[in-house]
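Structure first, commentary second.
The values are calculated or read from the model by the stated rules, or taken from the named source; none is laboratory data. These numbers were taken from a predicted model, which means no experiment stands behind them. Here the Cβ is made from the backbone with ideal geometry for all residues, glycine too, and neighbour counts use every protein chain on show. When the accessible area is computed, the model is the full protein with side chains, heavy atoms only, and any ligands, DNA or RNA have been set aside. Shrake-Rupley method; radii C 1.70, N 1.55, O 1.52, S 1.80 Å.
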Amino acid sequence: AIAKALVDLEYRESAPFLRGIGHIQMEPVWGGQEDTASTLRGTCVLALVACSDAPREKVLRRLVDALTDKAEPVRVEVARALAQMEGEEGALLLRLKARLGDREPGVTGQVFDSLLQVEREEALEFVAEFLKSADEVVREEAALALGASRLPAAVELLRKAWLGTKEEMLLRAISSSRLDSAIAFLVELVREGRIKDASAAVEALSLHKESEEIRKQVKAAAESREREIVSLFRERFGD
């Protein structure tokens, strides 16, 4: 609570946050003990980046240590912190972490998100490599990160990947970008694609069922199709 209050007050001296990053508090739980200080460490990681008295190299050293923290929330916050720091060092650390992987999908996804935030177009091909991973979770996190980047070139990479694999999660990632080109591709798939592909496109577009404009486009495309597609549209978008 103290650390969060200091952040809210825009406190910019590093001493309490450096102390918090290293704090471990083991508490008794059923069957053993559990570290209850992970939220504190995560809060301090992000706060340290904004401190004016901490040299960049010192902050980076602490972030490298925290990137191997046993607690998932801490590793997630390190990935966010590296994005906020920007610069080549942060990008390289994120690339290394992506290559090494993580047992938690949330960390992997944040690493991809942060790298795309820092490098933008330069990171696209790198993240797209993970669309070919043998791990389904890694493929999905990479796809979602590319979609969330809202970069036109990312949508094109996702489209090409879908043409090669027909994985439905790639259509959801394309839809999540909200780009006009992405919506147009999915609507055309509803209109002209095979029933299975058209159904997957309707599912992906249902992310935007609150958008009247997108709803009209999907409805027009669906109503030109088989009864199965029309029924799915009504189920997902309402009638």
- request: Show that you can apply the helix-only estimate: for the chain, add -39,500 (n - 2.57) for every DSSP H stretch of four or more residues, divide by all residues, and state [θ] at 222 nm to the nearest 500.
  value: -21500 deg cm²/dmol
message: Could you tell me the center-to-center distance, by alpha carbons, between the stretch 83-149 and the stretch 199-230 in angstrom?
response: 31
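Largest first, how would LYS196, LYS209, LYS160, LYS166 line up by accessible area (1.4 Å probe)?
Output order, biggest surface exposure first: LYS196, LYS160, LYS209, LYS166.
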field: Gain in span if fully extended, ARG19 to GLU34, counting 0.36 nm per residue against the direct Cα distance
entry: 3.4 nm
task: Compare the peptides 144-151, 109-116, 129-136 by average per-residue count of other Cβ atoms within 10 angstrom and give them in order, highest first.
output: 109-116, 144-151, 129-136
statement: Set LYS97/LYS160; LYS132/LYS209; LYS166/LYS219; LYS166/LYS216; LYS70/LYS97, cut-off 21 Å on Cα-Cα distance; pairs above it are LYS97/LYS160; LYS132/LYS209; LYS166/LYS219; LYS166/LYS216
query: Can you list the aspartates and glutamates whose alpha carbon sits under 15 Å from that of LYS196, skipping same-chain ones fewer than 8 residues off?
result: GLU167, GLU168, GLU188, GLU226, GLU228
message: Just checking my list [x] 54, 15, 12; [y] 41, 19, 17; [z] 35, 25, 16 against semi-axes √(5λ) of the Cα gyration tensor in Å computed from this structure; which label fits?
response: [y]
In Å, descending, principal axis extents of the Cα set of the stretch 1-94: 44, 30, 17
statement: Once normalised by the length of the chain, the mean sequence separation of its alpha carbon contacts under 8 Å that are 6 or more apart gives a contact order in percent of 10
message: Out of the total accessible area of the chain (probe 1.4 Å, heavy atoms of protein only), what percent is carbon and sulfur?
response: 50
